[in-house]
Amino acid sequence: MFKRYFEKAWVQNLSLLSMASLVAYYFTFIFEFKYNFDWAVFFVEGQYGHMGHLIVNGLNTTLTITLYSAAIALIMGTLFGLARLSSFKPVYWVATCYVELFRNTPLLIQLFFWNFALPYAFPEELRFKLFEMDFEFWCATIGCGIFTGAFMAEIIRAGIQSIPKGLLEASYSSGLSFPQTLRKIILPLAFREIIPPLGSEFLNNMKNTSLAMTIGVTELFWAMQEVLSLTYRTFESIIAATMIYLLLSLIIAWIMNIINERLIIMPQDTTTTLRKIADVLFIPMDIVGRGLEYVLWHFRRSPDKKTVSPITRLIKSSVKAVTIGAKVLFVAVLGYLLYMLFKGLMGFNYEVIWANLPALLIWRFPHGESTEFFYGLGGLSGSLFMAVMSITGSFIIGLIVGMGRTARSHAIRIPCTLYIELVRGIPLILVLFWFYQVILDFVLKLQLHPFWAGTIALTFFFGAYIAETIRGGIQNIPPGQVEAAKASGLSYFQTMRKIVLPQALKQMLPALVGMFIAAFKDTSLVYIIGYMDLTRAAYAINNRIMIHPFEIYTTVLVLYFVCSYVLSLYAKRLERKLSPETVRIEM
């Protein structure tokens, strides 16, 4: 009887309203907040200047870095994504090394390397000139672009690889060359497939710009910290930054939805409102495209023309020689770069690396003080331990929330959706600040060790991402199986436990392994709240010895890369095992 009434929409809405009212009543009349909001801090100039202008300037820097780095990432992603399909092995190997290196190391460590280690590779005069040219800003911009470009390269490669083999064989049998097949068949189809994941990478790139504050760039997150430290208005500064990041996330998501809607093929009689908006916004691009099409058609070669001009004949005859020369030049440049890399590695002070390697691996364990986490356990071991604990907890949260995300009841689905979208819309570094400085201090009034605070924050953060992965796996199960289970008399939970989840989890195994890799890399951010993980250990060692940043940060990059790459190989093996029918396209 209760189940029948709860299926009615007005009962679900009333339950949702009751839960919201109880939460509002608790925080309004029962919970002792003891905090007076003062939003005028952003509108009135104070002792340390106008805080509103500081936030606006930080937002302007964030948008600038986002746009520049997105353009760099798209260019590099396209070039290296196509290079990953090359039949010329040196090009393929270079592209693969780029993708694997930057995908399997944390962005924070990459920014530290570009900013603190790379300048020491240049002469002192050039180094000072670089610092005079806003070096930190360009390190953050190019670093974010290179990092995001590695992910975009895999998306573009996977989009091209998703084209059915039959289409390729049909195009080749029709006499089309590979460049013609790429331009007329592969890319138009692949572009429709890669727009959603590309949109996610643009969104992640915007959120990743918050890490620029770690190398001194005055972006939005840095401005938030300045407002907090100058005015002590904790809630106002963090809420303002959160709302701005959420607004930016919504704008990027809306733009990508417009593009995706434009690319969907649908009958004219079923045109949606969003499609009409997209058609209006794309009118200028349609005009430009038709103009280019007319120009190309006007200057096309007539099919009746039998003769070939001497210039065209010369170009065709020299294409092979130019291609061979380009390959030889590429190999020569690659050999020179490998020689310089080997020469640089031979010049490392390996005594410094060997002397500080134990600290990078375990920090001061087991000789740490009693106030430290587990007798000084930190470094790489602490990061792995934190990643294991956070991904275990986030899997439990993600499983519950992911099932709730697919529920029919508004009272269950809406709170789960709000949790997922709120957490996924803001940077992880901001989630850490919310949990460490707001929830623990003001709401729960607890003093936790930074290790536990970071672990719990990572757990709730990745719980939202795992919930979306589980939701996708559940919805990928054919509806006929669920209907057959209900017809057999199974309850909702029995259907989930015995039929849906076993199949969904099998499909999600590669994604869950990838999520663990992301959690391991993102443990580098907890250095901000004081835990001595691998990143903070490297930062402390580098500040102590000062003159060997190349050795320290290269060692840290290698440690992160080895752990992440081994796990990524396992994820790829699972993916091949679960979907063995793959075709590799070559250029």
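Looking at 407, 464, 453, 411, can you tell me which residue is closer than 24 Å to residue 205 by Cβ and either aliphatic (A, V, I, L, M) or in a helix (DSSP H, G or I) (or both)? Can you show your working first?
Working: 407 fails: closer than 24 Å to residue 205 by Cβ; 453 fails: closer than 24 Å to residue 205 by Cβ; 411 fails: closer than 24 Å to residue 205 by Cβ.
Unique residue meeting the criteria: 464.
Being part of a helix (DSSP H, G or I) and at pLDDT 90 or above narrows it down to one of 155, 142, so name that one. Write out each step before concluding.
Values: 155 fails: at pLDDT 90 or above.
From the options 155, 142, the qualifying one is 142.
Which one is modelled with the lowest pLDDT among residues in the range 28-45 that are open to solvent by 100 Å² or more (accessible area, probe 1.4 Å) and of a type in the set (A, V, I, L, M, F, W, C)? So that I can check it myself, show each step before the final result.
So in the range 28-45, the residues open to solvent by 100 Å² or more (accessible area, probe 1.4 Å) come out as 29, 32, 34, 36, 39, 43, 45.
Now narrow it down to the ones that are of a type in the set (A, V, I, L, M, F, W, C): 29, 39, 43.
Details: 29: 73, 39: 87, 43: 88.
That would be 29.
For the structure I just gave you, tell me whether residue 84 is under 27 Å from residue 329 (Cβ atoms), of a type in the set (Lys, Arg) and touching a residue at least 60 places away in the same chain (Cβ under 8 Å). Write out each step before concluding.
Values: under 27 Å from residue 329 (Cβ atoms): yes; of a type in the set (Lys, Arg): yes; touching a residue at least 60 places away in the same chain (Cβ under 8 Å): yes.
Yes.
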Sole exception among (1) in a helix (DSSP H, G or I); (2) in contact (Cβ under 8 Å) with a residue 60 or more places away in the chain for residue 217, by number: (1)
Any chance residue 276 is in a helix (DSSP H, G or I), among the basic types (Lys, Arg) and modelled with pLDDT of 80 or more: no
Any pair with Cβ under 6 angstrom, 6 or more apart, that starts in the range 342-369 at a residue that is over 17 Å from residue 559 (Cβ atoms) and ends at one that is outside any loop (DSSP other than H, G, I, E, B): 349/551; 364/376; 366/375; 368/375; 368/376
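Could we say that residue 91 is under 30 Å from residue 138 (Cβ atoms) and either outside any helix (DSSP H, G or I) or hydrophobic (A, V, I, L, M, F, W, C) (or both) here? Give the derivation first.
On the way: under 30 Å from residue 138 (Cβ atoms): yes; either outside any helix (DSSP H, G or I) or hydrophobic (A, V, I, L, M, F, W, C) (or both): yes.
Judged against the criteria, residue 91 is a match.
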Scope the range 363-381; condition buried (at least 17 other Cβ atoms within 10 Å of the Cβ) and more than 28 Å from the chain's Cα centre (by Cα); matching residues: 363, 364, 365, 368, 372, 373, 376, 377
Close pairs (8 angstrom Cβ cut-off, 6 or more residues apart or separate chains): of a type in the set (A, V, I, L, M) in the range 550-562, open to solvent by less than 20 Å² (accessible area, probe 1.4 Å) and not in a helix (DSSP H, G or I) anywhere: 557/105
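Of all the helices (runs of 4 or more DSSP H) wholly in the range 485-587, which have at least 2 residues that are among the polar types (S, T, N, Q) and at pLDDT below 85?
Details: elements: 492-495, 501-522, 534-545, 549-578.
Correct list: 492-495, 501-522.
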Residue under evaluation residue 201, criteria (1) open to solvent by less than 60 Å² (accessible area, probe 1.4 Å); (2) modelled with pLDDT under 85; (3) not hydroxyl-bearing (Ser, Thr, Tyr), criterion not met: (2)
Any hit, the range 230-239, residues being charged (D, E, K, R), closer than 30 Å to residue 117 by Cα and touching a helix residue (DSSP H, G or I) at 6+ places or on another chain (Cβ under 7 Å): no
The range 329-382: number of residues that are hydroxyl-bearing (Ser, Thr, Tyr) and within 19 Å of residue 550 (Cβ to Cβ): 2
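Among the listed residues 201, 236, 226, 193, identify the single one that is out of contact with any Phe, Trp or Tyr (no Cβ under 9 Å at 6 or more places or on another chain) and among the acidic types (Asp, Glu). Before you say what the answer is, go through the steps one by one.
Numbers: 201 fails: out of contact with any Phe, Trp or Tyr (no Cβ under 9 Å at 6 or more places or on another chain); 236 fails: out of contact with any Phe, Trp or Tyr (no Cβ under 9 Å at 6 or more places or on another chain); 226 fails: out of contact with any Phe, Trp or Tyr (no Cβ under 9 Å at 6 or more places or on another chain).
Just one listed residue meets the conditions, 193.
So, residue 533, is that one touching a residue at least 60 places away in the same chain (Cβ under 8 Å), open to solvent by 30 Å² or more (accessible area, probe 1.4 Å) and on the phi < 0 side of the Ramachandran plot or not? Show your work before the answer.
On the way: touching a residue at least 60 places away in the same chain (Cβ under 8 Å): yes; open to solvent by 30 Å² or more (accessible area, probe 1.4 Å): no; on the phi < 0 side of the Ramachandran plot: yes.
Taking the combined requirement at face value, the residue does not satisfy it.
Taking the range 216-251 as the region of interest, how many residues are more than 15 Å from residue 64 (Cβ to Cβ) and either open to solvent by less than 10 Å² (accessible area, probe 1.4 Å) or out of contact with any Asp or Glu (no Cβ under 7 Å at 6 or more places or on another chain) (or both)? Give the steps one after another, and end with the answer.
The first filter runs over the range 216-251 and keeps only residues more than 15 Å from residue 64 (Cβ to Cβ), leaving 216, 224-243, 245-247, 249-251.
Those left that are additionally either open to solvent by less than 10 Å² (accessible area, probe 1.4 Å) or out of contact with any Asp or Glu (no Cβ under 7 Å at 6 or more places or on another chain) (or both): 224-232, 234-243, 245-247, 249-251.
Residues that pass the stated criteria total 25.
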Residue 170, sole failed condition from (1) assigned to a helix (DSSP H, G or I); (2) aliphatic (A, V, I, L, M); (3) open to solvent by less than 30 Å² (accessible area, probe 1.4 Å): (3)
Candidate set: the range 472-504, residues that are over 24 Å from residue 417 (Cα atoms) and of a type in the set (Lys, Arg); chosen: the one surrounded by the fewest Cβ atoms within 10 Å (Cβ to Cβ): 498
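Please find, within the range 518-530, the residue that is farthest from residue 355 (Cα to Cα) out of those that are among the aliphatic types (A, V, I, L, M) and crowded, with 23+ Cβ neighbours inside 10 Å. Show your work before the answer.
If we filter the range 518-530 for residues that are among the aliphatic types (A, V, I, L, M), which is where we start, we get 518-519, 525-526, 528-529.
In the following step, the residues that additionally are crowded, with 23+ Cβ neighbours inside 10 Å were identified as 519, 525-526.
Numbers: 519: 28, 525: 25, 526: 25 Å.
Checking each candidate, the answer is 519.
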Residues (open to solvent by 50 Å² or more (accessible area, probe 1.4 Å) and not in a helix (DSSP H, G or I)) located in the range 46-64: 47, 48
Residue list for the range 426-471, filter: open to solvent by less than 20 Å² (accessible area, probe 1.4 Å), at pLDDT below 90 and closer than 22 Å to residue 212 by Cα: 433
Residue, surrounded by the fewest Cβ atoms within 10 Å (Cβ to Cβ), within the range 382-421, restricted to residues that are more than 21 Å from the chain's Cα centre (by Cα) and polar (S, T, N, Q): 409
Residues of the range 113-165 classified as in contact (Cβ under 8 Å) with a residue 24 or more places away in the chain, over 28 Å from the mean Cα position of the chain (by Cα) and closer than 26 Å to residue 555 by Cα, total: 2
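Might you let me know whether the range 319-329 holds any residue that is in contact with a strand residue (DSSP E or B) (Cβ under 6 Å, 6 or more places away or on another chain) and either under 16 Å from residue 537 (Cα atoms) or modelled with pLDDT under 90 (or both)? First the steps, then the outcome.
First, the residues of the range 319-329 that are in contact with a strand residue (DSSP E or B) (Cβ under 6 Å, 6 or more places away or on another chain): none.
No, the conditions are met nowhere in the range 319-329.
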Residue tally, condition under 16 Å from residue 380 (Cα atoms) and open to solvent by 70 Å² or more (accessible area, probe 1.4 Å), over the range 330-357: 2
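May I ask you to list the residues in the range 477-500 that are more than 36 Å from the chain's Cα centre (by Cα) and hydroxyl-bearing (Ser, Thr, Tyr)? Full working, then the answer.
At the first step, the residues of the range 477-500 found to be more than 36 Å from the chain's Cα centre (by Cα) are 483-491.
Correct list: 488, 491.
The values are calculated or read from the model by the stated rules, or taken from the named source; none is laboratory data. This structure is a prediction, so every number in the text was calculated from the model and none was measured. A quick note on method: Cβ atoms are made from the backbone with ideal geometry, for glycine too, and the neighbour counts reach across all protein chains shown. What goes into the accessible areas is simple: the full protein's heavy atoms, side chains included, and nothing from ligands, DNA or RNA. Shrake-Rupley method; radii C 1.70, N 1.55, O 1.52, S 1.80 Å.
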